[in-house]
Amino acid sequence: MIIFGTRTKVLTGKSQPAIGNCDYCGTAQSLFAYKQIKYFHIFWIPIFPYSTQVITICNHCKKLSYQSEINPQTLQSLSARTIRKTSIGYFAGLMLIGLLVAAIAIAGISGAKKKEKYLKDPKVGDVYELSYAKDGKTMRTLYRIANLTADSVTFDVNDYEADSRKALRKLREQHSNSYSEKQKVSRAELEDMKSKIASIERL
């Protein structure tokens with residue numbers, strides 16, 4: 001089960017300087033300013049902050065004031081003071097998602113390049129994953145190159161077909177040698193099949 005939600009965190013520094021006197025209890029140099037962030041998380045991994053605001057706390061009376069309650073002059077003076085910045089760690093989820101998307105894109109580009117390379121130089125034993133429409137569904141099966149000539153390619157066609165990638169993985173595991181039908185195509189026809197070929201594996 002995915003655990004997700006929001007959390008609130010007050011960012012505190014090791015040597016936070018006082019910003020002035022408390023307007024509530026009047027204690028001198030007892031007021032400290034911090035940044036409060038609210039962020040989304042999944043499995044307690046921060047995804048990204050969706051809200052940040054300044055808060056002040058009096059060390060003497062413990063009065064907590066949110067940004068909307070803080071004196072405008074005090075807020076303006078804070079722009080020149082040190083308030084801890086939001087750590088890049090609170091964007092960890094976004095970075096992980098970005099890396100995952102990049103990895104998928106790189107794998108896709110690599111797979112496309114490999115497919116183009118193998119199509120230009122087919123070898124006996126190459127296994128093609130083909131997809132095609134049947135009864136309104138996208139079906140998949142395997143074609144294995146059995147013979148090559150200068151003008152044609154002869155495939156062994158797998159006896160089974162799958163209606164999903166999960167089913168295709170099972171087909172590969174359980175029926176990897178179940179080929180009883182042959183299909184011969186010209187090199188030109190092989191090029192026309194390109195859009196139906198999802199991937200090519202070379203053993």
- [ ] Could you tell me which of the pairs K35/K62; K114/K182; K137/K196; K113/K184 are separated by over 22 angstrom between their Cα atoms in the structure shown?
- [x] K114/K182; K113/K184
TODO: Set the Förster radius R0 to 35 Å, insert the Cβ-Cβ distance between S77 and L100 as r into 1/(1 + (r/R0)^6), and round the FRET efficiency to 0.05.
DONE: 0.25
- [ ] Kindly rank 4-10, 121-127 from highest to lowest mean number of other beta carbons found within 10 Å of each residue.
- [x] 121-127, 4-10
- [ ] Name the residue, out of G89, G98, G136, whose mean-square fluctuation peaks in a Gaussian network model built on the chain with Cα pairs under 10 Å.
- [x] G136
Task: Per principal axis, descending, Cα span of segment 59-157 in whole Å - done: 88, 33, 21
Task: Spin-label pair I109/A146, simplified geometry with 7 Å Cα→Cβ offset, distance in nm - done: 3.9 nm
- [ ] Sort segment 105-148 into rounded, prolate or oblate with this rule: let a ≥ b ≥ c be the square roots of the eigenvalues of the Cα gyration tensor; rounded if a/c is under 1.5, and if a/c is not under 1.5, prolate when a/b is larger than b/c, oblate otherwise.
- [x] oblate
TODO: Provide the descending list of Cα extents for the chain along its principal axes, expressed in whole angstroms.
DONE: 93, 32, 29
Open item on the list: Angle check, please: helix 92-120 long axis (alpha carbons) against the longest principal axis of the chain (alpha carbons), in degrees 0 to 90, nearest 10.
Closed with: 20 degrees
Open item on the list: Please compute the modelled spin-label separation between R187 and N59, points set 7 Å along Cα→Cβ, answer in nm with one decimal.
Closed with: 8.3 nm
Task: Solvent-accessible surface ranking, highest first, for R165, R202, R140 at 1.4 angstrom - done: R165, R202, R140
Open item on the list: If I model a spin label at R84 and F48 as a point 7 Å from the Cα along the Cα→Cβ vector, what separation in nanometres do I get?
Closed with: 2.3 nm
Task: For the chain, size of Cβ-based charge dipole, Lys and Arg +1, Asp and Glu -1, in debye - done: 780 debye
- [ ] Using only Cα atoms, find the angle between the long axis of helix 165-174 and the longest principal axis of the chain, and express it within 0 to 90 degrees, rounded to the nearest 10.
- [x] 50 degrees
- [ ] Between beta-carbons, use under 15 Å as the cut-off and find the net charge around E181, counting Lys and Arg +1, Asp and Glu -1.
- [x] 0
- [ ] Would you compute, from DSSP H runs of 4+ residues alone, the mean residue ellipticity of the chain at 222 nm, taking -39500 (n - 2.57) per run and dividing by the full residue count, rounded to the nearest 500?
- [x] -8000 deg cm²/dmol
Task: Euclidean distance between Cα centres, segment 36-79 to segment 186-203, Å - done: 59 Å
- [ ] Figure the gain on full extension for Q67 and H175 (residue separation times 0.36 nm, minus the Cα-Cα span) and round it to one decimal in nm.
- [x] 32.3 nm
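The values are calculated or read from the model by the stated rules, or taken from the named source; none is laboratory data. Note that the structure is predicted; figures quoted are calculated from it, not measured. Using ideal geometry, Cβ is built from the backbone for each residue, glycine included, and neighbour counts are taken over all protein chains shown. Remember, those area values only see protein heavy atoms, side chains included, never the ligands or the DNA or RNA. Shrake-Rupley method; radii C 1.70, N 1.55, O 1.52, S 1.80 Å.
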